Amino acid sequence: MKTKDLILIIEDDEAISRMLSLFLDQQGYKIIVAGDMKSAIRELQTQSPEIVLLDLGLPGGDGKTLIKSIRTQRSTPIIVLSARHEEKEIIASLELGADDYMTKPFSTYELLARIRSAQRRFMGLQPSSNILQCHELVMDTAQHTVAKNGEFLKLTPTEFGLLKYFMLHQNQVLTHIRLLKEVWGVGYQQEMQYLRTYINSLRKKIEHDSTRPAYILTELGVGYRFGCGDDFDSKE
Ligand code: CA
């Protein structure tokens, strides 16, 4: 039998960590809780969690410094749980290498879906073929083609690059800055208008209704998420 995946919950609000522990235990995970920076660092050094759920405001320090130190050693998925007013904090966390974030209060089932999605992504970090797929969209990165329902789409090289980046990071929140840096290159991080223009043109080509996108979802004030085959409804 497969051993249970270990989740490290770093959270000082006991009501939240107790609720999460109970819920995730029922879902078949093994749980460790750390309520402050010191014990979080200790658990990270002695355990190898499959997933880290991280609150940012912690006694003894800032959760963001943990993201940084985790990332210097491993690529364990990190999901930030944060209060909504910390938009800047969320962006900073994602830039430091967090995989996803959820604002409090959140639905535990949506959290579960995001945990599974982060795990799937983590397992698939090394794509074994040239084919990327999301519902009726199929990209062949070697042939440089994209088909929707079997019909080839005409994409510009930049649209192709943007879509490829999205398809490699499905269901993951990608900040504006990260997209500009990864698709356009260093030096373009401030060119929000470029990004908006290309998102619009790409949506017109891949979405059924570009005014109500189902693939390229807007994460208000933060960036975009490429929604693909997940068991939760993304809210626009
Ligand atoms: Ca807190």
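Computed over neighbours whose Cβ is under 12 Å from that of Phe152, the net charge equals +1, Lys and Arg +1, Asp and Glu -1. Listed by chain and number, the aspartates and glutamates whose C-alpha is less than 15 Å from the C-alpha of Lys205, apart from same-chain residues fewer than 8 away, are Glu136, Glu151, Glu159.
For Ser39 and Glu95, a Förster radius of 25 Å and the Cβ-Cβ distance give a FRET efficiency of 0.45, rounded to the nearest 0.05. Computed about the Cα centre, the dipole magnitude for the chain is approximately 520 debye when only Lys and Arg (+1) and Asp and Glu (-1) carry charge, each at its Cβ. With N counted as the residues of the range 131-226, its alpha-carbon radius of gyration over 2.2 N^0.38 Å works out to 1.01. Estimated at 0.36 nm per residue, the fully extended path between Thr108 and Gln47 surpasses their Cα-Cα distance by 19.6 nm.
As an exercise, use a Förster radius of 22 Å and the Cβ-Cβ distance of Leu22 and Met123 to find the FRET efficiency, rounded to the nearest 0.05.
E between Leu22 and Met123, to the nearest 0.05, is 0.25.
For the charge dipole of the chain, defined by +1 on Lys and Arg C-beta atoms and -1 on Asp and Glu C-beta atoms about the Cα centroid, which residue among Gln190, Leu53, Ile115 has the Cα displaced farthest towards the positive pole? Projecting each Cα onto the dipole axis, the largest value belongs to Gln190. Placing a label point 7 Å from the Cα of Ala15 along the Cα-to-Cβ line, the residues of the range 72-96 whose backbone N sits under 18 Å from it are 81-85.
For Lys4, a cut-off of 26 angstrom between C-alpha atoms picks up these lysines, skipping any fewer than 8 places away in its own chain: Lys30, Lys38. Here's how it looks for Ala34: its modeled amide H is under 5 Å from those of Ile9, Ile10, Glu11, which are all 5 or more places away or on a different chain. Contact order normalised by length for the chain, with contacts defined as Cα pairs under 8 Å and 6 or more residues apart; what percent is it? In percent, rounded to a whole number, it is 13.
Only bridges with both residues in the chain count here: give the DSSP antiparallel percent, nearest 5.
Working: 19 of 37 bridges.
Around 50 percent antiparallel, to the nearest 5.
Separation of the range 174-202 and the range 136-158, taken as the distance between their Cα centroids, equals 20 angstrom. Suppose we look only past 27 Å in the calculated P(r) of the chain. What percent of the Cα-Cα pairs does that tail hold? In whole percent, the share of Cα-Cα pairs in the chain beyond 27 Å is 37.
Axis of helix 192-206 versus longest Cα principal axis of the chain: the two differ by about 70°, to the nearest ten degrees. Would you mind classifying the range 7-125 by shape? Square roots of the alpha carbon gyration tensor eigenvalues, ordered a ≥ b ≥ c; an a/c under 1.5 is rounded, otherwise it is prolate if a/b is larger than b/c and oblate if not. Rounded is the answer for the range 7-125, as its axis ratio a/c remains below 1.5. Between Thr158 and Asp5, the modelled label-to-label distance comes to 3.7 nm, taking each label 7 Å out from Cα in the direction of the beta carbon. Compared with the dominant principal axis of the Cα atoms in the chain, helix 108-123 is inclined by about 70°.
Here, each number is a calculation from the coordinates, and none is a lab measurement. It should be emphasised that the depicted structure is a prediction, and the values quoted were computed from it without experimental measurement. Virtual Cβ from ideal backbone geometry, glycine too; neighbours counted across all protein chains shown.
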